[in-house]
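Note sheet for the following structure.
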4 protein chains.
Amino acid sequence: MTIKILVTGGTFDKEYMELTGELIFKNTHVPEMLKLARCRTDIKIRTLMMIDSLEMTEYHRNSILEKCKNSKEDKIIITHGTDTMAKTAQYLGSQIKDKTIVLTGALVPYAFGSSDGLFNLGSALAFVQSLPNGVYIAMNGRYFSYENVRKNKATGEFEEIHYNDTE
Amino acid sequence: MTIKILVTGGTFDKEYMELTGELIFKNTHVPEMLKLARCRTDIKIRTLMMIDSLEMTEYHRNSILEKCKNSKEDKIIITHGTDTMAKTAQYLGSQIKDKTIVLTGALVPYAFGSSDGLFNLGSALAFVQSLPNGVYIAMNGRYFSYENVRKNKATGEFEEIHYNDTE
Amino acid sequence: MTIKILVTGGTFDKEYMELTGELIFKNTHVPEMLKLARCRTDIKIRTLMMIDSLEMTEYHRNSILEKCKNSKEDKIIITHGTDTMAKTAQYLGSQIKDKTIVLTGALVPYAFGSSDGLFNLGSALAFVQSLPNGVYIAMNGRYFSYENVRKNKATGEFEEIHYNDTE
Amino acid sequence: MTIKILVTGGTFDKEYMELTGELIFKNTHVPEMLKLARCRTDIKIRTLMMIDSLEMTEYHRNSILEKCKNSKEDKIIITHGTDTMAKTAQYLGSQIKDKTIVLTGALVPYAFGSSDGLFNLGSALAFVQSLPNGVYIAMNGRYFSYENVRKNKATGEFEEIHYNDTE
């Protein structure tokens, strides 16, 4: 069993650029994270883009969709900014039914001290191996189906959307 | 759904004692790890013991077994030293069939820089939510059934035991 | 002997604001840095402002100057953003001759993993105890007199200005 | 001006050996520490030994003495375990009068999260550039002359020895 990791950027992979004081993207940290984790699952990593998820357009989402559809592997992790992660999950979830796809990210860049990124990657890798086909978000130690998940902007946490009959 | 975490010690929770230069146990790091992870699953933590897994006796294993049996929660994570983790998994696995129990640990103490502990905790939390009843080890980004797992002492990695007919 | 530390902000003390993805100031990290360093010098810390040094005006510099002049302690460290650190050093150096004042900062926030801040603070504390009266910058493991120092914007390093007769 | 750094081991350079759970020596961390510090002083590093300072014998101390005497550089830093650092300082101090020699170390290994090593190295580098000839210990943000310094075993801190007439 091989797991594919598609990298799209997001806070997860941001770095501090010391000459300008800005947060930028260079290369993904996923390989060094897997090394630190002593991870021994068979993994293929592919960087699709390195962008803030607020900059993600229909074009980008379609590109991710195509990569997922065409992937030989049926277990796929997507690293993604948290701001529009739920939107991308819904986009993919409505069109892919025969693979297990888990989106994850981080609230604090992995390169900084106090990141949740390593925890989230461990959690995403476990969920992608054990959940049935479908598209999910793995954040905050939980998994959410693409159909009813959103980021709570006040707390930064992901939560289920509860639809009521009367709404 | 509530997840129970039973703490037993192991490398995971060791600290550097600066006055003596020894590695010791104080309190478990699990709560601060869950906080760093922004974890929002409902979790109860209970420290059963703080020992090296090489010092774990039949008495200790029986105590863990009783806590698992008597636990109201049917999803249980056990943090454990890696040296005898497989032995404890087998002990529990042969006697508990109606709960999902995941043992995990670390090769490097969480308190040190380059620990796999946060990754492993994320992975254990995900597996315990998604695997069917049974006893498992979550290490190296993988899960192993209690029935055929061992730590490879030369590499430090966990691996499946393959039984052959002719052996 | 008491050493006064005047905090003015700068990269040194920036933090990552996880809800917005911005770099912000909260409280100074100097006390926790001194604790980590097991520092046992007698130190008084006072936060004057928490600003980017690019935002530092004549008004701010005058406020720092007054605090230095009125300080009972004659050994003073000023934490400061690197962009205009040389300017503040010159401002202070031309007006204060009877104290040892050392400005320092960091290229990467202390709160992030790979910061030079702890090293620079150790270096500033040592220089302030051992250099004669004057105003200095302590960066890159060196000290520079206020009279001929600048930050090289291409490399991020501090360097001496060499004045030639013919210029 | 070139500064020589002589490495002798000590807690400073210890690492966690994940296969055995022991603290061991591999290579010194001084070069990566200087890189992190963006240090731009001219420095030559030489590893003399990699040992616990409790194992340091007359033979080892004599070897350090010879290296200091024969060093072309007259500013020398020695990284050293804290347990017998004062003893080595006295050994060197009674025999070398024409160089500035600063011994430093750490209470927690640099490779672990909460080390004082980077701070101490910054402090030692500053003291060696600014103190007059003599042999010193730089620890706890202070410097101590070789003649009256000891490690307080109860607190782990270095302190001056105060000699009374009546003792």
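Can you give the helix-only mean residue ellipticity at 222 nm for chain C, where every DSSP H stretch with n ≥ 4 adds -39500 (n - 2.57) and the sum goes over all residues, rounded to the nearest 500 deg cm²/dmol?
Rounded to the nearest 500, the figure is -7500 deg cm²/dmol.
List the residues, sorted by chain then number, that are 5 or more residues from B:VAL102 or on another chain and whose placed amide H is less than 5 Å from its amide H.
B:ILE76, B:ILE77, B:ILE78, B:TYR136
So for chain A: antiparallel DSSP bridges make up what percent, rounded to the nearest 5?
About 35 percent, rounded to the nearest 5.
Thinking of the range C:1-49 as a set of Cα atoms, what percent of all their pairs are more than 12 Å apart?
67
Out of residues 5 or more away from C:ILE43 or on other chains, whose amide H comes under 5 Å of its own, with H placed 1.01 Å from N in the peptide plane?
For C:ILE43, whose amide H was placed from the backbone, the distant partners under 5 Å are C:ILE3.
Under a Cβ-Cβ cut-off of 12 Å, what is the net charge of the residues other than C:THR20 that fall near it, where Lys and Arg count +1 and Asp and Glu count -1?
Here the charged neighbours net out to -3.
Could you give the Stokes-Einstein D for the range A:1-145 in µm² per second, using the C-alpha Kirkwood radius, 37 °C, 0.692 mPa s?
For the chosen part, D equals 218 µm²/s.
Under the rule a/c < 1.5 gives rounded, and otherwise a/b versus b/c splits prolate from oblate, where does the range C:1-83 land using the Cα gyration tensor?
oblate
What trypsin sites (Lys or Arg not before Pro) does the range B:1-71 have in DSSP loop regions with at most 13 other beta carbons within 10 Å? Numbers along the way, then the final one.
Numbers: sites: B:LYS4, B:LYS14, B:LYS26, B:LYS35, B:ARG38, B:ARG40, B:LYS44, B:ARG46, B:ARG61, B:LYS67, B:LYS69; in loops: B:LYS26, B:ARG38, B:ARG40.
Here the trypsin sites (Lys or Arg not before Pro) that fit, given the DSSP loop and packing criteria, are B:LYS26.
Place a +1 charge on the Cβ of each Lys and Arg in chain A and a -1 charge on the Cβ of each Asp and Glu, then give the dipole magnitude about the Cα centre in debye, rounded to the nearest 20.
Dipole size: approximately 700 debye.
Copy-to-copy spacing for D:LEU19, label 7 Å out on the Cα-to-C-beta vector, in nm, shortest first?
Values, ascending and in nm: 3.5, 4.2, 5.0.
Would you look at the GNM of chain D, springs on alpha carbons closer than 10 Å, and say which of D:THR47, D:THR79, D:THR88 moves the most?
So, out of D:THR47, D:THR79, D:THR88, the one fluctuating most is D:THR47.
Please list, ordered by chain and number, the residues whose modelled amide H lies under 5 Å from the amide H of B:GLU157; skip anything fewer than 5 residues away on the same chain.
Excluding prolines and chain starts, which carry no amide H, the hits are B:ASN152.
Rg/Rh for the range D:101-150 to two decimals, with Rh computed the Kirkwood way over all alpha-carbon pairs.
Using only Cα positions, Rg/Rh for the range D:101-150 is 0.99.
Point me to the residue of chain B whose C-beta lies closest to the B-onto-C rotation axis, rounding the distance to whole angstrom.
Residue plus distance in Å, as requested: B:GLY113, 4.
Place a +1 charge on the Cβ of each Lys and Arg in the range C:125-167 and a -1 charge on the Cβ of each Asp and Glu, then give the dipole magnitude about the Cα centre in debye, rounded to the nearest 20.
Rounded to the nearest 20 debye, it is 260 debye.
Using DSSP to call loops (not H, G, I, E or B), can you name the trypsin sites (Lys or Arg not before Pro) in the range A:93-167 whose Cβ has at most 11 other Cβ atoms within 10 angstrom?
A:LYS97, A:LYS153
Rounded to the nearest 0.05, what FRET efficiency do C:MET49 and C:LYS97 have when you use their Cβ-Cβ distance and R0 = 35 Å?
My answer for the efficiency is 0.90.
With +1 on each Lys and Arg Cβ and -1 on each Asp and Glu Cβ, how big is the dipole of the range D:1-68 about its Cα centre, in debye rounded to the nearest 20?
So the magnitude is around 520 debye.
From other protein chains only, count the Cβ atoms within 10 Å of every residue's Cβ in D:145-158, then give the mean.
Mean partner-chain Cβ count within 10 Å for D:145-158: 1.
For peptide D:130-137, compute the average count of partner chain beta-carbon atoms within 10 Å of each residue's beta-carbon.
Numbers: counts 9, 4, 1, 0, 0, 0, 1, 0.
Per-residue shielding by partner chains comes out at 2.
Please compute the volume of the convex hull spanned by the alpha-carbon atoms of the protein assembly as shown and report it per residue in Å³.
Cα convex hull per residue, to the nearest whole number: 221 Å³.
When every alpha-carbon pair in the range B:59-167 is counted, what percent end up more than 22 Å apart?
29
Give the nm distances, rounded to one decimal, from B:HIS162 to the matching residue in every other copy, measuring between label points 7 Å along Cα toward the beta carbon; shortest first.
5.0, 6.7, 7.3
Under the convention of a label 7 Å out along Cα→Cβ, give the distances in nm from C:ARG150 to the same position in every other copy, shortest first.
Label-point separations across copies, in nm and ascending: 5.4, 5.4, 6.8.
How shielded is C:16-22 by partner chains, expressed as the average number of their Cβ atoms within 10 Å of its Cβ atoms?
Details: counts 11, 1, 12, 5, 2, 12, 1.
That works out to 6 on average.
No value in this document is a laboratory result; all are computed from the given coordinates. None of these values were measured; they are calculated from a predicted model. Because the Cβ atoms are built from the backbone with ideal geometry, glycine has one as well, and the counts that use them run over all protein chains shown.
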